[in-house]
Amino acid sequence: NNPVKDLTSSALACNVDNNPVPTTINVSPGDEITFIWGHDQIDDDIIASSHKGPVVVYIASTSSQGSGNVWLKLAEDGYADGSWAIDKLIANRGRHSVTLPNLVAGEYLLRPEILALHEADAVYTQNPNRGIQLYMECIQIKIVSTTGTVGLSQGVSFPGTYKYSDPGIHFDIYNSDPNSYIIPGPAVWTPGTSSSASTAATQNFFFVFFC
């Protein structure tokens with residue numbers, strides 16, 4: 001109910017109260033991570049159907065606390081075959097997933113994000129009552145397997161990556177061809193080629209949060 005709209009706000013990294021928490025989830029390279037969004041509770045009206053837009057996932061090291069050029073885009077889904085990613089999110093009862101790369105052991109932050117475009121025909125600096133609505137959370141995970149070989153490269157920053165002039169931030173969904181939409185931020189990160197594949201058993205993890 002309280003999206004981040006100010007692209008200069010420190011809340012853009014991990015939402016309000018961007019502080020470490022005592023709980024970290026143990027995972028392994030190659031695990032599938034599923035994020036579950038809800039409005040007031042699990043499996044209810046996930047988000048208003050008018051809130052069209054993309055869904056993305058970023059990763060950074062936990063030690064960075066989300067500050068600096070540390071965020072790499074793991075996945076993105078925009079508009080395809082007549083549907084927005086948020087349409088699919090609603091149809092999937094708030095669920096979307098990403099598979100972890102063959103990451104080296106260590107602690108990481110996952111940052112799933114919904115970008116709602118229903119008021120993005122104006123920008124926040126021109127009209128604070130409108131502007132793109134960004135919903136994000138950060139989840140602390142720990143790669144416990146030592147078989148991973150891929151480390152994180154330099155990424156982008158939040159705030160800093162998204163600009164009000166970006167065509168994916170300022171976009172009129174009512175009078176524009178949705179096929180022309182460009183998801184903001186960097187391209188999806190391609191991890192370095194591993195010298196050996198992970199032998200860790202793949203697990204599924206589910207994270208639940210509310211928007």
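The values are calculated or read from the model by the stated rules, or taken from the named source; none is laboratory data. The structure displayed is predicted, hence computed values, not measured ones. All Cβ positions, glycine included, derive from the backbone under ideal geometry; neighbour counts span all protein chains shown.
Summary table below
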| read-out | value |
| --- | --- |
| Some residue of the range 138-154 being touching a helix residue (DSSP H, G or I) at 6+ places or on another chain (Cβ under 7 Å) and either of a type in the set (D, E, K, R) or surrounded by 19 or more Cβ atoms within 10 Å (Cβ to Cβ) (or both) | yes |
| Candidates A197, A201 - the one that is assigned to a loop (DSSP other than H, G, I, E, B), over 16 Å from P101 (Cβ atoms), at pLDDT below 95 and out of contact with any strand residue (DSSP E or B) (no Cβ under 8 Å at 6 or more places or on another chain) | A201 |
| Of the criteria (1) under 14 Å from Q133 (Cβ atoms); (2) under 18 Å from the mean Cα position of the chain (by Cα); (3) in a loop (DSSP other than H, G, I, E, B); (4) at pLDDT 95 or above, which one G68 fails | (1) |
| Boolean, I182 is under 20 Å from the mean Cα position of the chain (by Cα), part of a loop (DSSP other than H, G, I, E, B) and either touching a residue at least 12 places away in the same chain (Cβ under 8 Å) or on the phi > 0 side of the Ramachandran plot (or both) | yes |
| Per-region count, the range 136-159, residues within 18 Å of Q65 (Cα to Cα) and in a strand (DSSP E or B) | 7 |
| Some residue of the range 105-128 being part of a loop (DSSP other than H, G, I, E, B) and basic (K, R) | no |
| Selected residue [touching a residue at least 40 places away in the same chain (Cβ under 8 Å) and either of a type outside the set (F, W, Y) or not in a strand (DSSP E or B) (or both)] from I47, I86 | I47 |
| Residue among V21, V16 that is of a type in the set (A, V, I, L, M, F, W, C), free of Cβ contacts under 8 Å to residues at least 40 places away in the same chain and either under 20 Å from Y174 (Cα atoms) or in a loop (DSSP other than H, G, I, E, B) (or both) | V16 |
| Of the criteria (1) over 17 Å from Q140 (Cα atoms); (2) modelled with pLDDT under 95; (3) surrounded by fewer than 20 Cβ atoms within 10 Å (Cβ to Cβ); (4) not acidic (D, E), which one P20 fails | (1) |
| Residue tally, condition surrounded by 22 or more Cβ atoms within 10 Å (Cβ to Cβ) and either under 18 Å from G38 (Cα atoms) or in contact with a helix residue (DSSP H, G or I) (Cβ under 6 Å, 6 or more places away or on another chain) (or both), over the range 93-107 | 1 |
